[in-house]
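So the structure is just underneath, and the comments pick up after that.
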Amino acid sequence: MTATARVAAQAKVNLLLNVLAREASGYHSIETVFLHIDLADDVRVRITNGSRSLDCTGPALPANGLGSVEQNLAYRAALSYVDAAGWPAGFAIEIEKHIPVGGGLGGGSADAGAVLRALDALSPRPLGAGLLELAGALGSDVPFMAIESPMALAWSRGERMIALAPLESRPAIVIAPEFSVSTADAYGWLATERGSYAPAAALLAPDALATWESAAAIAHNDFERVVAARHPEIAELVDELDSREALIAMMSGSGSTVFGVFNEAPDAAAITRSTQRTAIATRTSERVVRVELER
């Protein structure tokens, strides 16, 4: 039987996102708190004798698709694994998309991290900790997606992390507007507003995230104000979730998705009617879904 692995590629939200100093290379240092949510793409990786393929379907797949296979982050993750491990000869990746695309939930990064984890679970010679180096070369969100921690404090370009004890699972709402925000544009808008960047601050103390109440006290996204200034719908959606007694309501990543965390599950249908945008009911995660082997 052909070796196959299946894994839920869980989305992430940022409970904190501070943009710090710009490096000489042009990249920006960040300080962020990643947290998985249960909303996930379904990723299956099958080992082949030499052919290489990627197939994407699902309700969150854009009408115009995801672009070329060669540029897809999950496909590139598989190629990077082959280059590093000298295995496998071929692979077939199937992704069923449920995470809104291009909205700051890390869907592409989640798929890439899932592919790396799946291949390592199937490999006769797993790379183990070496996955992080591959993940870091793919993008700033991918290292978090390649580890088995549901919550982490990350800094630098996102590749340096401290795993955190997960907060108790809470109901959450995710709302993705019909527009996306370019990460490069978001950095540019922030740079224009600031003029210059302050030196990197001291890292957040991990005990600042011991409870949902303490997490709510530090929850912040440097991008939110500058993105909302150009897309007022962001602020309107945050206000809607705040009005529903969200513990935390904010934008994730560089946008445009807005999320809320609640003590009690709100009426997602009522939020959908009020905002005229689909409110996706999910939960924050206390665990990372394990890779399931199908041999």
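Scan the range 58-81 for residues that are loosely packed, with under 11 Cβ neighbours inside 10 Å and not in a loop (DSSP other than H, G, I, E, B) and jot them down. Of everything in the range 58-81, those that are loosely packed, with under 11 Cβ neighbours inside 10 Å and not in a loop (DSSP other than H, G, I, E, B) turn out to be E70, Q71. In the set (1) in a loop (DSSP other than H, G, I, E, B); (2) within 24 Å of W155 (Cβ to Cβ); (3) of a type in the set (G, A, S), A217 fails one condition alone, (1). Among the residues of the range 86-108, the ones that are among the aromatic types (F, W, Y) and either surrounded by fewer than 16 Cβ atoms within 10 Å (Cβ to Cβ) or free of Cβ contacts under 8 Å to residues at least 40 places away in the same chain (or both) come to 1 in all.
Hey, does the range 133-142 have a residue that's surrounded by 17 or more Cβ atoms within 10 Å (Cβ to Cβ) and under 21 Å from T282 (Cα atoms)? The answer is yes, given that some residue of the range 133-142 is surrounded by 17 or more Cβ atoms within 10 Å (Cβ to Cβ) and under 21 Å from T282 (Cα atoms). Listed by position, the strands (runs of 3 or more DSSP E) contained in the range 148-197 that have at least 2 residues being out of contact with any helix residue (DSSP H, G or I) (no Cβ under 8 Å at 6 or more places or on another chain) and either small (G, A, S) or modelled with pLDDT of 95 or more (or both) are 171-175. Whether any residue in the range 35-48 is modelled with pLDDT under 95 and either within 18 Å of the chain's Cα centre (by Cα) or surrounded by fewer than 23 Cβ atoms within 10 Å (Cβ to Cβ) (or both) is what I want to check. Scanning the range 35-48, I find no residue that is modelled with pLDDT under 95 and either within 18 Å of the chain's Cα centre (by Cα) or surrounded by fewer than 23 Cβ atoms within 10 Å (Cβ to Cβ) (or both), so the answer is no.
The single residue among S243, S274, S285 that is within 30 Å of L122 (Cβ to Cβ) and modelled with pLDDT of 95 or more turns out to be S285. Pairs linking a residue in the range 215-242 that is over 13 Å from P177 (Cα atoms) to a residue that is of a type in the set (F, W, Y), with Cβ atoms under 6 Å and 6 or more positions apart or on different chains, are V226/W189.
Just one of the listed residues (D111, D83) is in contact (Cβ under 8 Å) with a residue 24 or more places away in the chain and of a type in the set (D, E), namely D111.
The values are calculated or read from the model by the stated rules, or taken from the named source; none is laboratory data. None of these values were measured; they are calculated from a predicted model. Glycine also receives a Cβ, built like all others from the backbone with ideal geometry; neighbour counts cover every protein chain displayed.
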